[in-house]
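See structure below.
The values are calculated or read from the model by the stated rules, or taken from the named source; none is laboratory data. A quick note: this is a predicted structure, and the numbers were derived from the prediction, not measured. When we count neighbours, we look across all protein chains shown, and the Cβ atoms used for this are built from the backbone with ideal geometry, even at glycine.
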Amino acid sequence: MKGLKKMLVLGIDTSSPVAAIALVGEHGLLAEINIELIHRHSERLIPNIDYLFKETNYSIDELTGLAVGLGPGSFTGLRIGLSTIKTFAQVRKLPVKGLSTLDIMAYGAQACEGMILPLLDARRERVYCAMYDSWNKDIKKVKIWGDSALSVTELIERLKGVADSKKIYVMGNGFVQYQEVFNNASLELIPLSFVLNYPQGGLVAELGAYYLKKGLDDGYLAIKPNYLKRPQAEINWYKKESR
């Protein structure tokens with residue numbers, strides 16, 4: 001993207017029940033949609049992308065780059081988002097940056113002076129999580145725990161001691177779902193705005209644009225979903241076969 005006079009990046013994340021879609025230009029956010037779809041990503045993703053272009057008077061031909069959330073999160077949602085972005089990248093020969101969904105969420109905690117802990121509900125009393133020592137525009141530089149799928153009990157054990165030495169800011173539907181359990185563990189966690197419970201479209205596009213400006217193109221063939229655990233359908237199949 002170096003040398004381009006007019007940047008236009010489309011960012012999407014479909015790892016959660018919320019479809020996060022946005023366009024950013026050279027001077028910031030142009031348009032954004034964050035809408036709860038729950039199992040309707042395949043029906044509404046393309047129409048919502050079309051709506052953004054229509055309302056901003058931009059053409060898809062003017063795109064200079066793409067950004068996409070890689071998860072962890074919904075298996076079906078991730079496949080839909082990645083297949084859409086890969087098609088755009090291949091057909092239009094565009095650079096693409098794949099982003100951890102947890103990195104995207106942590107990137108939204110820009111005003112925090114302390115550790116950042118995004119939590120997404122992975123069901124069955126488990127959460128997807130990562131930890132960041134502080135906020136940084138290059139959010140990956142301050143990541144001290146990689147993306148993980150932990151039981152709430154395992155996470156609480158890992159947090160003990162850490163919470164005594166530094167403030168921990170927490171966000172995400174994983175915290176909302178298990179807040180009572182965290183409270184009972186007497187951990188000093190500081191919840192952030194409910195707006196950050198899911199990845200936001202503007203954050204996807206902005207963070208992706210930051211890396212693309214540095215020439216960090218992952219290439220559409222290389223980006224893959226980060227599931228962290230096997231799909232439930234696959235688990236059920238193995239259980240059935242082992243009987």
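Some values worked out for this structure:
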read-out	value
Hits in region 157-177 (condition: in contact with a Ser or Thr (Cβ under 8 Å, 6 or more places away or on another chain) and over 14 Å from TYR132 (Cα atoms))	ASN173
Single residue of ILE85, ILE139 found to be closer than 20 Å to ILE35 by Cα and buried (at least 17 other Cβ atoms within 10 Å of the Cβ)	ILE85
Unmet criterion (only one of (1) without any contact (Cβ under 8 Å) to a residue 24 or more places away in the chain; (2) aliphatic (A, V, I, L, M); (3) in contact with a Cys (Cβ under 8 Å, 6 or more places away or on another chain)) for LEU117	(1)
Test for ALA163: is it modelled with pLDDT under 95, part of a helix (DSSP H, G or I), surrounded by fewer than 12 Cβ atoms within 10 Å (Cβ to Cβ) and hydrophobic (A, V, I, L, M, F, W, C)	no
Meets criteria (in contact (Cβ under 8 Å) with a residue 12 or more places away in the chain and either crowded, with 20+ Cβ neighbours inside 10 Å or not hydroxyl-bearing (Ser, Thr, Tyr) (or both)) for THR76	no
Subset of region 37-88 [of a type in the set (Lys, Arg) and not in a helix (DSSP H, G or I)]	ARG40
Some residue of region 88-100 being basic (Lys, Arg), under 13 Å from GLY208 (Cβ atoms) and outside the structural domain of ALA149 (by TED's automatic domain parsing)	yes
